Amino acid sequence: MTELYLIRHGNAKKLNGVSYVTAPLTELGRRQAELTGEFLKQSGIQFDGFYSSPLKRALETANIIGAHIGQTPVVRDGLQEMEYRELPATIALELFARTGLLNRYFETHAGQVLRHPMLGRISRAVVEILRAHPQGRVGLVAHGGVIVGVMAWYMPRERQRWWRAPVGNCSITRLRVDGNGAQVLTFDDLTHLGELARSAYQTNYTFSAGRGL
């Protein structure tokens, strides 16, 4: 059994003329990451595996957290936010999924690798990480779309609920994973941010869907 921590990156800003891929943390985002790291340290949290999306804002967040808990994040491809090339296929597939014709496929593949333009790579990365850590505690610093995607993947009967769920900057979502199943321990927990929790949904992106980047 593994306890999986899904941590969203801190507040970030897309600079003019720069791709969202390289968007850095803002001062607010760095403070959110500091508070998250302080909370994990005070809670005595150590990860048996500590991973980060390769995108700059996630890796910056993971490095700040890691400095507090004495761990260096491993950059893991597959945990990044939705890529532009995936957008058309993902939207089309999700619209088709609303007909219910894919319900059986998603339900029989809960916690397993999916054939899906976005969840396919996310599920593959998470499955490989969990195989490497079948016991203990694993931390993933990623993105809002990745976090709600993992929730929809493990709990496909509530897919629409999870895809619409807000995920705040530096929120902590915890799952107890056993085989292909998962139990939600906390979702979008911001209590460790104190007064900054009110700004956790602030976005500096024009392309974000409110939670994704």
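Of the residues that make up the stretch 97-109, is at least one under 13 Å from residue 79 (Cβ atoms) and surrounded by 12 or more Cβ atoms within 10 Å (Cβ to Cβ)? The answer is no, given that none of the residues of the stretch 97-109 is under 13 Å from residue 79 (Cβ atoms) and surrounded by 12 or more Cβ atoms within 10 Å (Cβ to Cβ).
Looking only at residues that are of a type outside the set (S, T, N, Q) and part of a loop (DSSP other than H, G, I, E, B) in the stretch 144-184, which one is modelled with the lowest pLDDT? In this case the residue turns out to be 179.
Hey, does the stretch 148-164 have a residue that's under 12 Å from the mean Cα position of the chain (by Cα) and among the β-branched types (Val, Ile, Thr)? Looking through the stretch 148-164, at least one residue is under 12 Å from the mean Cα position of the chain (by Cα) and among the β-branched types (Val, Ile, Thr).
Reported count of residues in the stretch 127-149, each being over 23 Å from residue 23 (Cα atoms), β-branched (Val, Ile, Thr) and in contact (Cβ under 8 Å) with a residue 60 or more places away in the chain, is 2. Among residues of the stretch 63-77 that are at pLDDT 95 or above, those with a Cβ under 6 angstrom from a residue that is assigned to a strand (DSSP E or B), sequence gap 6+ or separate chain, pair up as 71/50; 73/50; 73/52; 74/51; 75/52; 76/51. I'd like the full set of residues that are among the hydrophobic types (A, V, I, L, M, F, W, C) and within 17 Å of residue 40 (Cα to Cα), limited to the stretch 161-183. If the condition is that a residue be among the hydrophobic types (A, V, I, L, M, F, W, C) and within 17 Å of residue 40 (Cα to Cα), then 170, 172, 175 are the ones that fit. Quick check, is residue 141 under 16 Å from residue 74 (Cα atoms), modelled with pLDDT of 85 or more and surrounded by 12 or more Cβ atoms within 10 Å (Cβ to Cβ)? Yes: the conditions hold for residue 141. Scanning the stretch 42-78 for residues that are outside any loop (DSSP other than H, G, I, E, B), surrounded by fewer than 22 Cβ atoms within 10 Å (Cβ to Cβ) and of a type in the set (Lys, Arg) turns up just one, 56.
The values are calculated or read from the model by the stated rules, or taken from the named source; none is laboratory data. Just so we're clear, the structure is a prediction, and the values are computed from it rather than from any experiment. Neighbour counts run over all protein chains shown; Cβ positions are idealised from the backbone, glycine included.
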